[in-house]
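Student: Below you will find the structure I want to go over with you.
The values are calculated or read from the model by the stated rules, or taken from the named source; none is laboratory data. Just so you know, these numbers come straight off a predicted model, no measurement behind them. Ideal geometry is used to build each Cβ from the backbone, glycine not excepted, and the neighbour counts take in all protein chains shown.
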Amino acid sequence: MIHPSARSLPALLVAALTTLGACQVAPTWADAFPVEILDDRGKQVVIEQRPESVAAISTFGADLVTALGGQMAGLSTLNGKQSAFLGDAATGAVNLGEIHQANLEVLTQLAPDLIVGLRTYTQPFEKKIEEAGTFIALDLTTLEDSLSAVERLSRALGEEDRGQALNARFLSDLETFGTKAPGGVTAVFLWDWADVPYAFYDHYLTTRIMGHLGATNVQGHRPTPELEMPDSAAIGLETLLRLDPDVILVFKGQDGPVAANPVWSRLKAVRNGRAWRVNDQYIMSHGPLAREMVLREMAHLLYPETFPEPEDIPSAARAVPLNVAN
């Protein structure tokens, strides 16, 4: 069964496959550059030659570079940690500090050929970042954002055809998994921030995947459908108990338990062993590695009898059962 929110997927898939089919002969590096990329500041960014060193003030940039077989020169952290789902890909990358406040001195010393960052986090510092290297700023919320960002950054790296192939593969997998998913479950995706749970609306990529898998997101639609923001909103535990979803997925960046509140033990998902603490590929799901991991693992968590547990996710990035101890 395909959830109603997946009705636009075939059109996206056809468009991606059509574009991929039109790209039969990869250009040489000399033919490919210079290229211009319109980033999400509305700025035309010129890349004069193929970037040999890339720094990411986001997991997305590292995700895509890794998927293309490259190595990162520099990478930011979240709560002082590198993303577990990247495995060993970040080994050797210079630590650029926290994603919301990158270490600009280290970035300047690194002087990478290309810098990729999230617009919302880098906007206050973009002038300084541009002094360190060519800079592309991206907005990453929806499925469409993910597809567009993969295509544009792949073009900036001289890998446009491979970026299109990654998009086409994901859309095909999304269609296949959606067709097999039985449906009939309710779920919610939370970010536990400073012990306050935030529930994501339907349009965020992770919850969009949830919808394509036939699960109903109890948080529902965003209150401002004409805007991508907000992507989530705080949800009280009493409200969560009233909604009482079948499956709960929680990301928590900080160490320590998700919640010590006694309401957790009353939730149906917790009582039935269907509450899971997930890793940061769920919160930063827009890169080609993260979104594939989320699709395959979430399908298993929602429908364990239909979808096997994926074996290719690094052990530190796999979902673990949620209880008050973790």
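Student: Mind checking whether some residue in segment 146-153 is over 22 Å from the mean Cα position of the chain (by Cα), of a type outside the set (Gly, Ala, Ser), buried (at least 21 other Cβ atoms within 10 Å of the Cβ) and part of a helix (DSSP H, G or I)?
Tutor: no
Student: Same structure again: With respect to the numbered conditions (1) assigned to a helix (DSSP H, G or I); (2) surrounded by 23 or more Cβ atoms within 10 Å (Cβ to Cβ); (3) outside the structural domain of GLY287 (by the TED database), which one is the sole condition not fulfilled by ASP161?
Tutor: (2)
Student: Pairs under 7 Å by beta carbon, first residue without any contact (Cβ under 8 Å) to a residue 24 or more places away in the chain in segment 288-311, partner assigned to a loop (DSSP other than H, G, I, E, B) and not small (Gly, Ala, Ser), six or more apart or different chains?
Tutor: Every condition considered, the pairs that remain are GLU297/PRO310; GLU297/ILE313; HIS300/PHE307; HIS300/PRO308; HIS300/GLU309; HIS300/PRO310.
The rows are residues; the columns are (1) more than 17 Å from the chain's Cα centre (by Cα); (2) modelled with pLDDT under 95.
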| site | (1), (2) |
| --- | --- |
| VAL196 | yes, yes |
| TYR201 | no, no |
| GLY214 | yes, no |
| THR224 | yes, yes |
| GLU228 | no, yes |
| ALA233 | yes, no |
| LEU240 | yes, no |
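Student: Can I ask one more? Among (1) of a type in the set (A, V, I, L, M, F, W, C); (2) touching a Lys or Arg at 6+ places or on another chain (Cβ under 7 Å); (3) at pLDDT 90 or above; (4) under 27 Å from ALA316 (Cα atoms), which single condition is PHE251 missing?
Tutor: (2) is the only condition that PHE251 fails.
Student: Something else: Restricting the search to segment 97-125, which residues are in a helix (DSSP H, G or I) and surrounded by 22 or more Cβ atoms within 10 Å (Cβ to Cβ)?
Tutor: Selection gives LEU107, THR122.
Student: Then there is this: Residues that are at pLDDT 95 or above and part of a loop (DSSP other than H, G, I, E, B): does segment 4-27 have at least one?
Tutor: Looking through segment 4-27, none of the residues is at pLDDT 95 or above and part of a loop (DSSP other than H, G, I, E, B).
Student: Take the conditions within 23 Å of LYS180 (Cα to Cα), in contact (Cβ under 8 Å) with a residue 60 or more places away in the chain and not basic (Lys, Arg) and apply them to MET284. Does it pass?
Tutor: When the stated conditions are applied, MET284 does not pass them.
Student: Checking LEU104 against (1) in contact with a helix residue (DSSP H, G or I) (Cβ under 8 Å, 6 or more places away or on another chain); (2) closer than 25 Å to ASP145 by Cα; (3) of a type outside the set (Val, Ile, Thr), which single condition isn't satisfied?
Tutor: Exception for LEU104: condition (2).
Student: Does VAL45 satisfy being at pLDDT 95 or above, surrounded by fewer than 20 Cβ atoms within 10 Å (Cβ to Cβ) and over 30 Å from ASP312 (Cβ atoms)?
Tutor: So VAL45 passes the test.
Student: Mind checking which residues of segment 69-126 are charged (D, E, K, R) and within 12 Å of ALA55 (Cα to Cα)?
Tutor: If the condition is that a residue be charged (D, E, K, R) and within 12 Å of ALA55 (Cα to Cα), then ASP113 is the only one that fits.
Student: Show me the strands (runs of 3 or more DSSP E) entirely contained within segment 32-96 in which 3 or more residues are over 16 Å from the mean Cα position of the chain (by Cα) and of a type outside the set (Ser, Thr, Tyr).
Tutor: Per the criteria, 35-38, 44-47.
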